[in-house]
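Everything on this sheet refers to the single structure shown next.
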Amino acid sequence: EAIDTNLVVTKQLVYNNELWNAVDATFYVALYDDAALTNRVSEIQPIVFQNMNTSSTTFEKLEVGKTYYVAETSADGVVLNNVGGALATGEMFSVDFYNDNVVTIAKGDGTQTVYFRNLFAELPTEYYREGELTVTKQMLGADGEAKTSKKTFYAGIFADASFTTLSKDVSQNIVKLALGGTSSVSDIVKVAVPEGGSTTVYVTEVDKDGKPVAGAASFQYDVTVDNTAVTLSEETLKGSVVITNQERETESETEEEFEEAGTESDETVPATTKSVKTGDDTPILLYVGLLLAAALLLILALVLKRKKRN
């Protein structure tokens, strides 16, 4: 009975008891209904590794109650379980199942899994260890305290200290960091570390296109990076970097602080100096006095004239 009961076959690449990533490699597996692996009952399916040390393939809608045997094969179906295999570059490997290569499909179990690994006698060409770089973004207010934000920022992982060439040795060289209403968020970047060597990457804040924001007039935060250069090796496979964005003081905030603190000039300047002039300050009373005096003299002259006539 064919139902939605699947079998996942998962494989790992191992050298010297450590997991190693393959840059680009394809292996094959198939299902058989006998322990001798002579009667194949499935298609030959690829397990693809691209910068990975663990990969899987899924056999779908298997028969409930039926027992299947898993075998690693060559592309043309030659079983490798007991004899092992070789890469195109010549490195030999053996096939090792963690528990067993047999599984009976049980009704209602949904998905079942079989795990196995390839054990290499020598490290294949272009296989590498996988380091982890944790990139953290944190947001501070102008007062230096943690501040929540819904904004999205980006970190660039570069191959050079001048931040001109994005690294090709990482799982992602432009890291999206969405705060989503928090004050801090982190993401993990996988870093390729060669055998016996090391990998150094350089980290800074960038825009979504990978252009550094340092010095950009449109970027409204002060940016600090606690560790712009990170080196990972076989001995140190984990590293971290923290990028901090702090808001700048706005003009209105500065004025408010100025008003709250007060200044010596505010206390000593007379209130009259703050009034607004609304007209001419010419001495009007002087002119009025002169006009009154002239009028009195005119009246006095008229009185004297009448007396002479009389």
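Condition check: within 16 Å of Asp96 (Cα to Cα) and under 30 Å from the mean Cα position of the chain (by Cα). Does Thr10 satisfy that?
yes
Give the residues of the range 115-124 that are assigned to a loop (DSSP other than H, G, I, E, B) and buried (at least 20 other Cβ atoms within 10 Å of the Cβ), sorted by residue number.
Pro124
Can you report the number of residues in the range 1-19 which are under 19 Å from Ala121 (Cα atoms) and either at pLDDT below 95 or of a type in the set (A, V, I, L, M) (or both)?
Of the residues in that region, 6 qualify.
Scan the range 42-52 for residues that are open to solvent by 60 Å² or more (accessible area, probe 1.4 Å) and in a loop (DSSP other than H, G, I, E, B) and report the count.
Here the count works out to 3.
Mind listing just one residue for me: the one in the range 125-183 that is among the aromatic types (Phe, Trp, Tyr) and over 13 Å from Ile243 (Cα atoms) and, of those, surrounded by the most Cβ atoms within 10 Å (Cβ to Cβ)?
Tyr127
Among the residues of the range 27-41, what is the count of those that are open to solvent by 20 Å² or more (accessible area, probe 1.4 Å) and in contact (Cβ under 8 Å) with a residue 24 or more places away in the chain?
7
Can you tell me how many residues within the range 66-93 are open to solvent by 60 Å² or more (accessible area, probe 1.4 Å) and either under 14 Å from Gln45 (Cβ atoms) or of a type in the set (Val, Ile, Thr) (or both)?
5
Go through the residues of the range 188-196 one by one and say whether even a single one is open to solvent by less than 60 Å² (accessible area, probe 1.4 Å) and within 17 Å of the chain's Cα centre (by Cα).
yes
Which one is most open to solvent (accessible area, probe 1.4 Å) among residues in the range 94-113 that are farther than 19 Å from Gln45 by Cβ and part of a strand (DSSP E or B)?
Only one residue tops the list, namely Thr104.
Give the residue that is farthest from Leu140 (Cα to Cα), with candidates limited to residues of the range 162-201 that are touching a residue at least 40 places away in the same chain (Cβ under 8 Å) and charged (D, E, K, R).
Glu195
What are the pairs with Cβ atoms under 7 angstrom where one residue, in the range 59-84, is over 19 Å from Lys11 (Cβ atoms) and the other, located anywhere, is open to solvent by less than 20 Å² (accessible area, probe 1.4 Å) and not polar (S, T, N, Q)? Sequence gap at least six, or different chains.
Partner pairs satisfying both residue conditions: Glu63/Ile105; Val64/Ile105; Gly65/Ile105; Lys66/Ile105.
Determine whether the range 53-61 contains at least one residue that is surrounded by fewer than 20 Cβ atoms within 10 Å (Cβ to Cβ), among the β-branched types (Val, Ile, Thr), over 30 Å from Val170 (Cβ atoms) and modelled with pLDDT of 95 or more.
No, the conditions are met nowhere in the range 53-61.
The values are calculated or read from the model by the stated rules, or taken from the named source; none is laboratory data. All of these numbers come straight from a predicted model, not from anything done at the bench. Here the Cβ is made from the backbone with ideal geometry for all residues, glycine too, and neighbour counts use every protein chain on show. Side chains included, ligands, DNA and RNA excluded: accessible areas come from the protein's heavy atoms. Shrake-Rupley method; radii C 1.70, N 1.55, O 1.52, S 1.80 Å.
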